[in-house]
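To start, the structure itself, in structure tokens.
The values are calculated or read from the model by the stated rules, or taken from the named source; none is laboratory data. Everything numeric in this text was worked out from a predicted model, so none of it was measured. Here the Cβ is made from the backbone with ideal geometry for all residues, glycine too, and neighbour counts use every protein chain on show.
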Amino acid sequence: MKYIKWKNSILYFLFILPALFFFFLFFLYPFFRSLWISLTDAYGFNPEIHFIGLANYWEALSNKGFLNSIWVTVKYTAFVTIFANVCALFFALLLDGRCAFKKFFRAVFFLPNLMSLIIVSFVWVFIYGSVYRSFVSAFSIPEAWQISWLGNEKMALISMGITAIWQCAGYYMLIYIASLQNISPELIEAAAIDGASKFQIIRKIKLPLLVPTIDINTILLITAGFKTFDIPLAMTSGGPAGATTTITLQIYNTGFRSNRTGYAAAQSVVLFLIISVITAVLYLFQNRKGGSDS
Amino acid sequence: MKKKFAAFLSILLVVGCLAGCGNAKSTEDTSQAKPNEQDASTPEPAAKEDADAQASKEPVPIHLFHQKQEAQETFAQIIEAFQKEYPYITVEQEIVTNDPASILRARVATDETPDIFQGALDTMDIASGGYIMDLAGEPFLNNINEEVLSDSSFTDGDGHVWALPIDGSCEGIFYNKEIFQKLDLTPPTTLSELDHVIEVLEKNKITPFALGFKDSWTIKPITLVVVSPAIYAKQDDWNELKTSGQSSFADTPEWKTTFDILKKIYDHGNTKTAFDTDYNGACNMIAQGEAAMMVQGLWALEPIKSINSDINLGMMAMPVSENPEDTKLFQFPDFGLSISANTKNPEECKLFLEYLTRQDTASLWCSSSMLFSAIKNVSVDFDPLAADVNAYIDSGMICTQADRGWPTAFQTEYEASLSEYILGHDSLENILARLDTAWDTAVKAAQ
């Protein structure tokens with residue numbers, strides 16, 4: 001009996017071996033290798049590498065540019081997470097009910113998600129630039145009312161956020177719609193018979209039942225937000241004056257423009273720790289809440 | 001039905017594979033056919049013998065890697081002529097414009113360094129890793145202008161030559177000569193004359209400077225045209241002084257001047273839309289006469305002319321003090337090619353570089369790329385604007401050094417500090433102190 005069990009587990013192990021191999025090759029090995037590099041003075045073309053302890057980490061945590069990039073990323077992630085969730089939820093509730101052209105609208109809202117982020121970014125650079133300028137001249141909007149979408153330090157991050165929300169809201173909307181359709185119609189019917197208004201049904205029945213989905217979407221949005229790279233690269237290259245330099249863009253600049261490979265690896269380990277902590281906290285929070293439900 | 005479709009697909013795939021093989025073979029054929037063509041068309045018997053001798057040699061491929069997209073055609077012409085002379089060598093050019101530095105770094109790291117490559121700003125870094133062949137003492141270097149060679153950022157203090165400089169470019173102020181004539185203005189040679197020019201232009205509702213700061217790299221040239229004459233023309237060893245701690249950003253008053261002039265230009269340009277406008281937008285402003293001046297490198301000539309070919313454009317140096325003697329034009333080697341230290345065919349690579357330093361090749365290169373030649377006795381009037389630049393060169397009012405000797409990791413910090421200063425993020429004292437630290441860190445990192 002024991003022998004068979006043992007034999008079985010070897011068999012199972014063989015089955016996962018190919019996946020394990022690639023997991024090791026493309027995930028574990030690079031991960032541990034960058035951990036090692038982050039403790040060295042690795043530099044661009046220089047083949048010599050020396051161990052320098054935690055010096056790169058101290059530099060990262062005392063460097064104004066890097067700390068600024070963390071702050072920029074936090075602001076951006078908060079903005080996108082909140083408003084993408086709100087938009088996605090709003091459209092999901094709208095398109096879940098009896099609405100003409102329901103399927104058509106779902107497809108339309110989901111469409112931006114099929115486009116590459118780089119292309120989306122360039123399209124929006126065009127919208128914020130040429131399209132907006134011709135709009136301004138067509139309606140002769142006074143100068144005081146004009147908005148400098150990507151050139152103003154305060155606006156640039158918001159403009160980027162709007163682009164990201166436009167791109168991803170449709171995807172989260174689909175998740176919400178799927179979860180709304182799981183709510184049993186009897187519940188809603190019963191509430192309607194008891195005289196609940198549409199707004200009351202949403203507030204008292206649909207939203208509470210959607211809480212686990214909101215949690216999941218929030219985690220997905222936060223991790224995606226912290227890893228944002230394409231949009232700032234294509235839209236602003238991090239400018240003006242670092243106002244839109246996210247952590248990933250900062251890491252890229254350190255590693256590939258300044259050639260400081262070791263320092264860049266240390267910065268990416270810091271990013272990894274930040275994302276891990278946030279995900280762990282959200283996960284614990286969700287489990288404690290979800291514990292009573294399930 | 002499905003089966004038929006699958007069969008059709010697989011036939012298509014097989015045909016595709018075969019077509020692939022066929023192509024590879026046909027390119028081989030043409031490369032081998034070249035010597036024969038050459039035999040038939042060479043008129044002189046001496047050259048024919050020479051070609052015959054070479055045709056019998058083993059074919060040698062050379063891989064040329066660069067990022068100068070606009071030079072693709074010119075290179076193709078040069079390579080064709082070169083291969084006529086050396087039929088056994090095949091030069092293949094690869095042009096990478098999207099992040100060439102990273103791609104080159106990956107090639108070097110995986111031991112696939114191209115035989116001949118443009119290391120651009122990374123040249124010295126690559127050389128310090130031991131990946132570049134030293135060209136010092138090669139006879140073809142005698143064809144290069146001595147000043148260019150000695151001032152070249154590819155030559156280090158120990159006399160190593162890490163790249164062959166082929167052409168020179170300059171950075172300065174492009175100005176619209178028509179606007180200047182109409183308002184009776186002359187190119188300023190002192191800072192107070194510059195103030196006067198700005199005042200007159202603004203009185204006449206013309207934006208003095210076109211700014212395209214959405215592309216943040218366009219900010220840096222404005223400071224380079226100041227530091228080159230103001231600091232490096234007087235102390236050409238400023239970088240070494242800084243590294244050894246004998247000088248610093250905070251203690252060099254000219255750095256304050258540099259940031260002041262940058263602020264002045266920002267304040268007297270399309271300030272409100274500066275960070276919304278990109279490089280092309282700024283070129284458009286000066287081309288359409290909306291702005292009278294723009295600080296840029298010679299490379300901006302082509303885009304400006306392509307928008308408005310009738311524009312009467314001039315180039316002048318930036319005033320940096322009240323002394324007209326200081327107003328010098330910033331000139332520097334632009335395109336340079338290095339040979340990999342590990343190339344299998346060093347002799348053939350040198351032959352190609354030698355070919356590039358010949359006078360007729362150099363003329364062809366410079367007239368098409370609209371740049372000044374680094375080769376002796378080659379001067380090309382590619383544009384009326386060249387006369388302005390030549391006037392500076394002839395009177396010796398040029399300076400050649402600025403950012404090329406800076407440590408690589410410092411460059412990004414420097415670029416970041418410029419926009420932070422003009423947007424008022426920090427005081428000048430703090431920014432200069434930060435530049436001092438950034439320099440020291442960068443020097444340490446590169447060791």
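Observations
- All positions within segment A:7-21 that are surrounded by fewer than 11 Cβ atoms within 10 Å (Cβ to Cβ) and not small (G, A, S): A:K7, A:N8, A:I10, A:L11, A:Y12, A:F13, A:L14, A:F15, A:I16, A:L17, A:P18, A:F21
- Failed item, numbered, when A:T77 is tested on (1) within 13 Å of chain B (Cβ to nearest Cβ); (2) surrounded by 22 or more Cβ atoms within 10 Å (Cβ to Cβ); (3) under 26 Å from A:I219 (Cα atoms): (1)
- Residue match in segment B:401-411 (condition: more than 23 Å from A:G239 (Cβ to Cβ), outside any helix (DSSP H, G or I), touching a helix residue (DSSP H, G or I) at 6+ places or on another chain (Cβ under 8 Å) and away from every other protein chain (no Cβ under 14 Å)): yes
- Where A:W166 falls short, out of the listed (1) free of Cβ contacts under 8 Å to residues at least 60 places away in the same chain; (2) of a type outside the set (A, V, I, L, M); (3) in contact with a Phe, Trp or Tyr (Cβ under 6 Å, 6 or more places away or on another chain); (4) under 17 Å from A:T228 (Cα atoms): (3)
- Checked against (1) under 19 Å from B:L164 (Cβ atoms); (2) surrounded by fewer than 16 Cβ atoms within 10 Å (Cβ to Cβ), B:Q401 passes all but a single condition, namely (2).
- Residue within segment A:126-134 that is in contact (Cβ under 8 Å) with a residue 24 or more places away in the chain, farther than 24 Å from A:M235 by Cβ and in contact with a Leu (Cβ under 7 Å, 6 or more places away or on another chain) present: no
- Matching entry among A:L111, A:L61, A:L93 (being within 30 Å of A:Q267 (Cα to Cα) and either at pLDDT 85 or above or within 22 Å of the chain's Cα centre (by Cα) (or both)): A:L61
- Residue that is surrounded by the fewest Cβ atoms within 10 Å (Cβ to Cβ) [pool: residues in segment B:427-447 that are under 25 Å from A:A243 (Cβ atoms) and facing chain A (nearest Cβ under 9 Å)]: B:T441
- Residue match in segment A:12-22 (condition: touching a helix residue (DSSP H, G or I) at 6+ places or on another chain (Cβ under 6 Å) and either closer than 30 Å to A:I219 by Cβ or away from chain B (no Cβ under 14 Å) (or both)): no
- Some residue of segment B:362-377 being surrounded by fewer than 23 Cβ atoms within 10 Å (Cβ to Cβ), aromatic (F, W, Y) and at negative phi: no
- Scan of segment A:149-186 for residues that are among the aromatic types (F, W, Y) and away from every other protein chain (no Cβ under 14 Å), ordered by number: A:W166, A:Y171, A:Y172, A:Y176
- Output for segment A:193-205, where each listed residue is in a helix (DSSP H, G or I) and modelled with pLDDT under 85: A:K198, A:F199, A:Q200, A:I201, A:I202, A:R203, A:K204, A:I205
- Residues within segment A:170-190 that are farther than 13 Å from A:L93 by Cα and touching a helix residue (DSSP H, G or I) at 6+ places or on another chain (Cβ under 7 Å), tallied: 3
- Output for segment B:204-255, where each listed residue is under 26 Å from B:T271 (Cβ atoms) and among the acidic types (D, E): B:D215, B:E254
- Within segment A:80-96, if we keep just the residues that are of a type in the set (F, W, Y) and in contact (Cβ under 8 Å) with a residue 40 or more places away in the chain, the residue that is farthest from A:Y176 (Cα to Cα) turns out to be A:F83.
- Segment A:53-63, subset of a type outside the set (S, T, N, Q) and surrounded by 13 or more Cβ atoms within 10 Å (Cβ to Cβ), residue farthest from B:Q447 (Cα to Cα): A:L61
- Close pairs from segment A:45-72: first within 13 Å of chain B (Cβ to nearest Cβ), partner of a type in the set (F, W, Y) and not in a helix (DSSP H, G or I), Cβ under 8 Å, at least 6 apart: A:F45/B:Y131
- A:I127 of a type in the set (A, V, I, L, M), under 19 Å from the mean Cα position of the chain (by Cα) and either more than 14 Å from chain B (Cβ to nearest Cβ) or surrounded by 12 or more Cβ atoms within 10 Å (Cβ to Cβ) (or both): no
- The helices (runs of 4 or more DSSP H) found wholly in segment B:259-362 and carrying at least 1 residues that are free of Cβ contacts under 8 Å to residues at least 24 places away in the same chain and not assigned by TED's automatic domain parsing to the domain that holds B:T189 occupy B:346-356.
- B:D156, sole failed condition from (1) assigned by TED's automatic domain parsing to the domain that holds B:L135; (2) touching a strand residue (DSSP E or B) at 6+ places or on another chain (Cβ under 7 Å): (2)
- Scanning segment B:100-119 for residues that are more than 7 Å from chain A (Cβ to nearest Cβ) and surrounded by fewer than 18 Cβ atoms within 10 Å (Cβ to Cβ) turns up B:I103, B:A106, B:A109, B:T110, B:D111, B:E112.
- One residue stands out among those in segment B:376-392 that are in a loop (DSSP other than H, G, I, E, B) and among the charged types (D, E, K, R): the one that is farthest from B:P187 (Cα to Cα), which is B:K376.
- Residue check for A:K102: basic (K, R), within 14 Å of chain B (Cβ to nearest Cβ) and either touching a helix residue (DSSP H, G or I) at 6+ places or on another chain (Cβ under 9 Å) or over 28 Å from A:I214 (Cα atoms) (or both): no
- Within segment A:32-51, the set of residues being under 30 Å from the mean Cα position of the chain (by Cα) and loosely packed, with under 12 Cβ neighbours inside 10 Å comprises A:F32, A:R33.
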